[in-house]
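K.L.:
Once you've had a glance at the structure underneath, I'll fire off some questions.
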Amino acid sequence: MAQPTSDLKTWLREAAQGMGLPRIAFASCEPLEGEKRQAWLEQGGRELFPYLDQTGALEPSHWLENARTAVVAFLPYARPEAVPGATPGSLKLSRYLWGRDYHQLLKARLKGLLALAQERIPALQGRVCVDTVPLPERDLAVRAGLGWKGKHTLLIAGKEGSWGFLGVLLLDVALPPDSPFEGDRCGACTACIDACPTQALEPFRLDPARCLTTYNLETEREPPLDVREAMSRSRWAAGCDVCQEVCPWNRAPLWGDPCLWGGDSPLHTRPAEQLVMGVAQWQKLTRGTALRRVRHRHWIVTLRRILGPSHNSLD
Ligand code: SF4
Ligand code: SF4
């Protein structure tokens, strides 16, 4: 284990700014609330997300031996209200999928920060986690004081809202943690719960078996009939932003990191009926974006759900 230095935390904050990580905070790696997550797995999460069901995988120490500090980064990716070049009849994609793949960008910046820190303290061990392991980044972000868990279950980073990516750098050195965010600032608001097209939300709890993102990003499983109908009506083909679009904390426009901006895409600008394409075309179109994780076969399954199985271009 590396020896802590009194000014390492201040130095890391300054170095992070230079690496394009404007907002970081520090949390301890004490065990998280494993019981709650176990209950969530038993209530259907295990079936839909089998990769989350690894013993101890939700704890930082599973991913870095002697993990003591989690440096949590929030990287805004805010988008304009209007989809660039959108035409009537086009499909809807979550804003975070419009631009360059955030995994690559955030991972590279956090790895750069680790490398700089290791130049300063050669014995320091660290590990970067950006969505690639089932670490509960949101819970660590709350513990680090970056924001609170909204009723839609996403992190709200104060006036920066919820349009942002989270990444974690685990370190084997104990640094003084920041104060956790206590409570929430949702108040009496229920806008996200009321607007959800599938009634997947209750306060601070999301039912993954009813959320559109489960079926258009995570699994090809057949959704319940009313969820399938909601997908067809709402035309969300990859992700769903409804619960964030209505959130008052997202009202102020924010542009986020320019490296994450996307431009016009055929996925926005063409009518859905023209988006039936072969594997090679799909791979070309999604190269370098986070949409790459959606397999072509899954994309066609989603199109069938939105356009109807009898649509002739899907035969
Ligand atoms: S992402 Fe869409 S379907 Fe899922 S909880 Fe939010 S509004 Fe509901
Ligand atoms: S829409 Fe309202 S209730 Fe939902 S997360 Fe935002 S502030 Fe909280």
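Each value in this text was obtained by applying a stated rule to the coordinates, not by laboratory testing. Given the structure is predicted, the values throughout are model-derived calculations rather than measurements. Every residue, glycine among them, receives a Cβ derived from its backbone with ideal geometry; neighbour counts consider all protein chains shown.
K.L.:
For segment 191-314, what relative contact order do you get, as a whole percent, if you take Cα pairs closer than 8 Å and at least 6 residues apart? Walk me through the numbers on the way to the answer.
P.N.:
Working: 106 pairs, mean separation 35.5, N = 124.
Across segment 191-314, relative contact order equals 29 percent.
K.L.:
In addition: Go ahead and set up a Gaussian network model of the chain, Cα springs under 10 Å, then flag whichever of 169, 275, 291 fluctuates most.
P.N.:
275
K.L.:
May I pose another question? Over the Cα atoms of segment 69-183, compute the convex hull volume and normalise it per residue, giving Å³. Walk me through the intermediate numbers first.
P.N.:
Details: hull volume 14.6 nm³, N = 115.
Hull volume normalised by residue count: 127 Å³.
K.L.:
Another one. Counting other C-beta atoms within 10 Å, and keeping those with at most 11, which DSSP coil GluC sites (Glu not before Pro) do you find in segment 142-230? Don't skip to the end; give the middle numbers.
P.N.:
Numbers: sites: 160, 182, 218, 220, 229; in loops: 182, 220.
In loop regions of segment 142-230 (DSSP not H, G, I, E or B), the sparsely surrounded GluC sites (Glu not before Pro) are 182.
K.L.:
Given a cut-off of under 8 Å on Cα pairs at least six residues apart, what relative contact order in percent is computed for segment 141-218?
P.N.:
Values: 91 pairs, mean separation 26.5, N = 78.
Reported relative contact order: 34 percent.
K.L.:
Divide by every residue of the chain the summed helix terms, -39500 (n - 2.57) for each DSSP H run of at least 4, and state the resulting mean residue ellipticity at 222 nm, rounded to the nearest 500 deg cm²/dmol.
P.N.:
On the way: 11 runs with 91 residues, N = 315.
For the chain, the value works out to -8000 deg cm²/dmol.
K.L.:
Relative contact order of the chain: what whole-number percent is it, with Cα pairs under 8 angstrom and at least 6 residues apart?
P.N.:
So the answer I get is 26 percent.
K.L.:
With no solvent and one point per C-alpha, what does the Debye sum give as log10 I(q)/I(0) for segment 171-232 at q = 0.20, 0.29 Å⁻¹?
P.N.:
The calculated log intensity ratios at q = 0.20, 0.29 Å⁻¹ are -0.79, -1.26.
K.L.:
What are the lysines whose alpha-carbon lies under 18 Å from the alpha-carbon of residue 151, with same-chain residues fewer than 8 places away excluded?
P.N.:
Those lysines meeting the cut-off are 36, 159.
K.L.:
Tell me, which cysteines of the chain are without a disulfide-compatible partner by the Cβ under 4.7 Å rule?
P.N.:
29, 129, 186, 189, 196, 211, 240, 247, 259
K.L.:
Run through all the Cα pairs of segment 130-238 and give the fraction in each 5 Å bin from 0, expressed as whole percent.
P.N.:
2, 11, 17, 19, 18, 15, 9, 5, 2, 1, 0
K.L.:
Could I ask something else about it? Using 5 Å bins from zero, what percent of all Cα-Cα pairs in segment 178-315 falls into each bin?
P.N.:
2, 8, 16, 18, 18, 16, 12, 6, 3, 1, 0, 0
K.L.:
Among the lysines, select those whose C-alpha is under 29 Å from the C-alpha of residue 284, and discard any that sit fewer than 8 residues away in the same chain.
P.N.:
Hits, sequence-local ones excluded: 92, 107, 111.
K.L.:
Run the dipole for the chain about the Cα centre, Lys and Arg Cβ at +1, Asp and Glu Cβ at -1, nothing else charged, and hand back the magnitude in debye, nearest 20.
P.N.:
820 debye
K.L.:
I've got another one for you. Only bridges whose two residues both fall in the chain count here: according to DSSP, what percent of them are antiparallel, nearest 5?
P.N.:
The answer is about 90 percent antiparallel.
K.L.:
Quick one: Karplus J couplings for segment 21-31, per residue in order, coefficients 6.51, -1.76, 1.60, θ = phi - 60°, nearest Hz, x for Gly and Pro?
P.N.:
Each residue's phi maps through the Karplus curve to give 10, x, 9, 10, 8, 10, 10, 6, 9, 4, x Hz.
K.L.:
With only alpha-carbon atoms in the gyration tensor, what are the semi-axes of the equivalent ellipsoid for segment 207-256, in Å, largest first? Walk me through the intermediate numbers first.
P.N.:
Details: eigenvalues 120, 24, 18 Å².
The answer is 25, 11, 10 Å, longest axis first.
K.L.:
Do any trypsin sites (Lys or Arg not before Pro) in segment 240-315 lie in a DSSP loop with no more than 16 other beta carbon atoms within 10 Å, and if so, which?
P.N.:
Values: sites: 251, 284, 287, 292, 293, 295, 297, 304, 305; in loops: 251, 287, 295.
Hits after loop and neighbour filter: 251, 287, 295.
K.L.:
Considering all alpha-carbon pairs of the chain, what whole percent are spaced by more than 27 angstrom? Let's see the in-between values first.
P.N.:
Working: 22756 of 49455 pairs.
Considering the chain, 46 percent of its Cα-Cα pairs are separated by more than 27 Å.
K.L.:
With a 10 Å cut-off between alpha carbons and a GNM built on the chain, which of 117, 157, 280 moves the most?
P.N.:
Of the options given, 280 has the highest mean-square fluctuation.
K.L.:
Which peptide among 205-212, 92-99, 258-265 comes first, and what is the full order, when sorted by highest mean count of other Cβ atoms within 10 Å?
P.N.:
On the way: 205-212: 19.4, 92-99: 22.2, 258-265: 15.5.
Most protected by this proxy first, the peptides run 92-99, 205-212, 258-265.
K.L.:
Considering the dipole of the chain built from charges on the beta carbon (Lys and Arg +1, Asp and Glu -1) around the Cα centre, which of 86, 206, 128 is farthest to its positive end?
P.N.:
Value: 86.
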